[in-house]
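Read the structure below first, then the notes.
The values are calculated or read from the model by the stated rules, or taken from the named source; none is laboratory data. The model shown is predicted, which means the values in this text are computed figures rather than measured ones. Here Cβ is always computed from backbone atoms with ideal geometry, including for glycine, and neighbour counts include all displayed protein chains.
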Amino acid sequence: MTRHRGTAALALGLATALSACGSTNRAVATSVDGSNATSAKRLPILEVGTYAGREPTTLSFSADGGNIVTHLRWSSWTATLAVGHGVSNLDNCVPSCAGGKSSPVATAITLMLVHQGHFTVMTERRDGQTLRSTFPNGGWPRGATGS
């Protein structure tokens with residue numbers, strides 16, 4: 001009990017001393033794992049159709065289902081860049097797109113260029129090609145699902 005009073009008194013004394021010195025340092029909440037609790041609020045979001053959030057598991061680029069990236073897992077989501085990997089099912093369109101066969105292809109998604117709290121540029125790399133999309137149009141996905 002004496003130990004806790006001593007710790008509380010020390011903390012109170014330190015806070016008083018800092019405020020008396022005119023310190024401009026602001027208190028920052030830290031979570032149990034040591035990360036800054038306010039940093040998650042500052043991370044940009046992805047806005048796609050009615051989806052607005054972080055780390056979607058699916059991105060739909062086309063209305064006909066011809067370009068949907070599924071099973072997305074994000075290896076990074078920072079204040080400036082997000083990188084995820086998933087799978088696209090590419091249609092060979094033989095004998096026609098409606099009658100063709102789909103093949104799963106590894107796909108990498110990169111989000112960048114943050115403006116007003118959301119990403120505005122996306123690249124999709126798959127099957128030897130890179131597609132670039134810009135928000136709010138310019139090939140931007142039509143929908144997303146996930147967290």
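Taken over segment 53-66, residues that are touching a residue at least 40 places away in the same chain (Cβ under 8 Å), more than 16 Å from Thr134 (Cα to Cα) and not β-branched (Val, Ile, Thr) amount to 5. Give the residues of segment 119-141 that are under 15 Å from Val48 (Cβ atoms) and crowded, with 16+ Cβ neighbours inside 10 Å, sorted by residue number. Selection gives Phe119, Thr120, Val121, Met122, Glu124, Ser133, Phe135, Trp140, Pro141.
Residue check: is Ser103 loosely packed, with under 13 Cβ neighbours inside 10 Å and modelled with pLDDT under 95?
Details: loosely packed, with under 13 Cβ neighbours inside 10 Å: yes; modelled with pLDDT under 95: yes.
So Ser103 fits the description; yes.
Being closer than 18 Å to Glu47 by Cβ and at pLDDT below 90 is a property that holds for Asn137. Cβ-Cβ under 7 Å, sequence separation 6+ or interchain: first residue in segment 127-147 and more than 14 Å from Ile109 (Cβ to Cβ), partner part of a loop (DSSP other than H, G, I, E, B) and of a type in the set (Lys, Arg). Which pairs? Short answer, once both residue conditions are applied: Ser147/Arg54.
Yes/no per residue for (1) over 20 Å from His115 (Cα atoms); (2) of a type in the set (Val, Ile, Thr):
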site	(1), (2)
Pro44	no, no
Pro56	no, no
Asp64	yes, no
Ile68	yes, yes
Arg73	yes, no
Thr78	no, yes
Val87	yes, yes
Ser96	yes, no
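Just one of (1) charged (D, E, K, R); (2) surrounded by fewer than 17 Cβ atoms within 10 Å (Cβ to Cβ); (3) more than 27 Å from Glu47 (Cβ to Cβ) fails for Asp91. It is (2).
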